[in-house]
Amino acid sequence: MKRKKNVTLGEFIIENQSSFAYSTGELSKLINAIRLAAKVVNHEVNKAGLVDIIGDVGETNIQGEEQQKLDVFANDKFIQSLKNREIVCGIASEESEEFISINSNDERNQNKYVVLIDPLDGSSNIDVNVSVGTIFSVYRRITPVGTPVTLEDFLQPGKNQVAAGYIVYGTSTMLVYTTGAGVNGFTLNPAIGTFYLSHPDMQFPETGTIYSVNEGHYIHFHQGVKDYIKYCQKEEEDRPYTARYIGSLVSDFHRNMIKGGIYMYPKSSVTEEGKLRLLYECNPMAFLAEQANGLAIGGRSRILDVVPTELHQRIPFFVGSRKMVEKLQEFLDKYH
Ligand code: P6P
């Protein structure tokens, strides 16, 4: 279904309210909360070099990574925006070890959604003016409304997501999301602070000629991944492919979805389970990928089928144009 361009995000949400499965308007309010926080964070990201908002806060997050001031700021803004609208009963974030219950001990709290976020992915790129992003994932809670939210509400397989998306703070700022009825991209007009539908019905090209991986880790990769990288580089058919790796998942994913390509973050002898987090990085990106006719695997299985066991668990991640991911899978399967 082709959608007309230049619709604002607000108009789009209203026009497509009925297509949100089970939605009683709360999911629309949730997307609006994300929209507001995105504008606030975008404003800070765009002036990061001018004010004392870059550099680290001298603390580390639960990942043991230096907390950048901007990702602490982004975390606070997304949590605040979601709390203020009283639409969610719980939030999990890369920046917080435990999930956050939002008034879920109050039996009057009928909010049925939980949100998982990576508030500023790729934040180590901030100081060198490379694009960064926010990633979000939304589920309906499993436990009954009016009862305290539990870890079970967050440890759901990605196929249960009701919405997912990202904001990419790049040469322009875009919000790209799905509620299970395709993927649509909205570009922010900073002059008036409005997101406009600029990329309706986004689809991964069936194949592509871009591969994205940190080849500095090549010697530590599984043999199947090594063989696939050599396949990409071989002078044959439509190859050698082009290597493009920004070091920001959202940016590499976004480019590959528009141009066709594959992004890989494999496990290795150094990162046994890979680096990327299943719940708030891989699952939302996998939901978007499949909604855009792409594919996302963790090595042996479809990412969206994986049943999580921990809030911050890592998983190898391969996502992009269907035929490219399927070809990679052939190389991986040779060694199992
Ligand atoms: P490396 C950023 O830290 C991130 O989580 C992704 O956005 C990015 O693709 C990847 O890690 C970069 O990791 O090990 O290649 O620097």
* To do: Give me the distance in nm between label points sitting 7 Å out from Cα along the Cα-to-Cβ direction at Ala191 and Ala243, one decimal.
  => 4.1 nm
* To do: Using only Cα atoms, tell me the angle between helix 69-84 and the longest principal axis of the chain; keep it within 0 to 90° and round to the nearest 10.
  => 50 degrees
* Of the lysine pairs in the stretch 9-199, how many meet both conditions: Cα atoms under 23 Å apart, and a spacing of 8 or more in sequence or different chains? -> 16
* Structure fact -> Extension length gain for Lys259 and Asp127 (0.36 nm per residue less Cα distance), in nm, is 44.8 nm
* **Whether the stretch 203-336 is rounded, prolate or oblate, judged on the alpha carbon gyration tensor where a/c under 1.5 counts as rounded** => oblate
* Computed over the stretch 199-253, Kirkwood Rh from alpha-carbon pairs, angstrom -> 12.8 Å
* Asked: What does the highest-first list of 216-226, 180-190 look like by mean Cβ count within 10 Å?
  -> 180-190, 216-226
* Can you spot the lysines whose alpha carbon is less than 23 Å from Lys230's alpha carbon? Ignore those fewer than 8 places along the same chain. => Lys259, Lys267, Lys275, Lys323, Lys327, Lys334
* Asked: What accessible surface, in Å², does a 1.4 Å probe find on Tyr231, ignoring ligands, DNA and RNA and rounding to the nearest 10?
  -> 40 Å²
* Where nothing but the Cβ of Lys and Arg (+1) and of Asp and Glu (-1) is charged, how large is the charge dipole of the stretch 62-141 around its Cα centre, in debye to the nearest 20? -> 580 debye
* Structure fact -> Neighbours of Glu273 by Cβ distance under 15 Å: Lys/Arg at +1, Asp/Glu at -1, summed charge +2
* **Whole-number D in µm²/s for the stretch 9-199 (Stokes-Einstein; Kirkwood sum over Cα pairs; 20 °C, 1.002 mPa s)** => 126 µm²/s
* Asked: Could you state the number of Å between the C-alpha centres of the stretch 89-138 and the stretch 184-227?
  -> 21 Å
* For helix 249-259, what angle does its Cα long axis make with the longest principal axis of the chain, in degrees from 0 to 90 and rounded to 10? -> 70 degrees
* Asked: Given a 1.4 Å probe, how much area per residue of the stretch 9-199 is accessible, in Å²?
  -> 40 Å²
* Compute the accessible area per residue over the stretch 210-333, keeping the other protein chains in place, probe 1.4 Å, unit Å². => 39 Å²
* To do: Give me the net charge of Thr134's neighbourhood, meaning all other residues with Cβ under 9 Å from the Cβ of Thr134; Lys, Arg count +1, Asp, Glu -1.
  => -2
* Structure fact -> Between Arg300 and Lys5, the two model label points (7 Å from Cα along the beta-carbon direction) sit apart by a distance in nm of 4.6 nm
* To do: Sticking with the crude label model, points 7 Å out along Cα→Cβ, report the distance from Ala181 to Tyr218 in nm, one decimal please.
  => 4.7 nm
* Asked: Based on DSSP H runs of at least 4 residues, each adding -39500 (n - 2.57), what is the mean residue ellipticity at 222 nm of the chain after dividing by all its residues, to the nearest 500 deg cm²/dmol?
  -> -8000 deg cm²/dmol
* Based on a Kirkwood Rh over C-alpha pairs, give the Stokes-Einstein translational diffusion coefficient of the chain at 25 °C and viscosity 0.890 mPa s in µm²/s. => 121 µm²/s
* Asked: Between Glu272 and Lys226, 0.36 nm times their residue separation minus their Cα-Cα distance comes to what?
  -> 15.0 nm
* Note down the magnitude of the dipole of the chain about its Cα centre, charges +1 on Lys and Arg C-beta and -1 on Asp and Glu C-beta and zero elsewhere, to the nearest 20 debye. => 1120 debye
* Can you figure out the FRET efficiency of Ser172 with Gln110, using R₀ = 45 Å and their beta-carbon distance, to the nearest 0.05? => 0.75
* Taking the Cβ of Tyr263 as the center, what net charge do the other residues with Cβ under 10 Å away carry, scoring Lys and Arg +1 and Asp and Glu -1? -> +1
* Where does each of 316-325, 95-104, 237-246 land if you order them by average Cβ count within 10 Å, highest first? -> 316-325, 95-104, 237-246
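The values are calculated or read from the model by the stated rules, or taken from the named source; none is laboratory data. Only a predicted model underlies this, so the values are computations on that prediction, with no experimental measurement involved. Counting neighbours? That spans all protein chains shown, and the Cβs are built from the backbone with ideal geometry, glycine included. When the accessible area is computed, the model is the full protein with side chains, heavy atoms only, and any ligands, DNA or RNA have been set aside. Shrake-Rupley method; radii C 1.70, N 1.55, O 1.52, S 1.80 Å.
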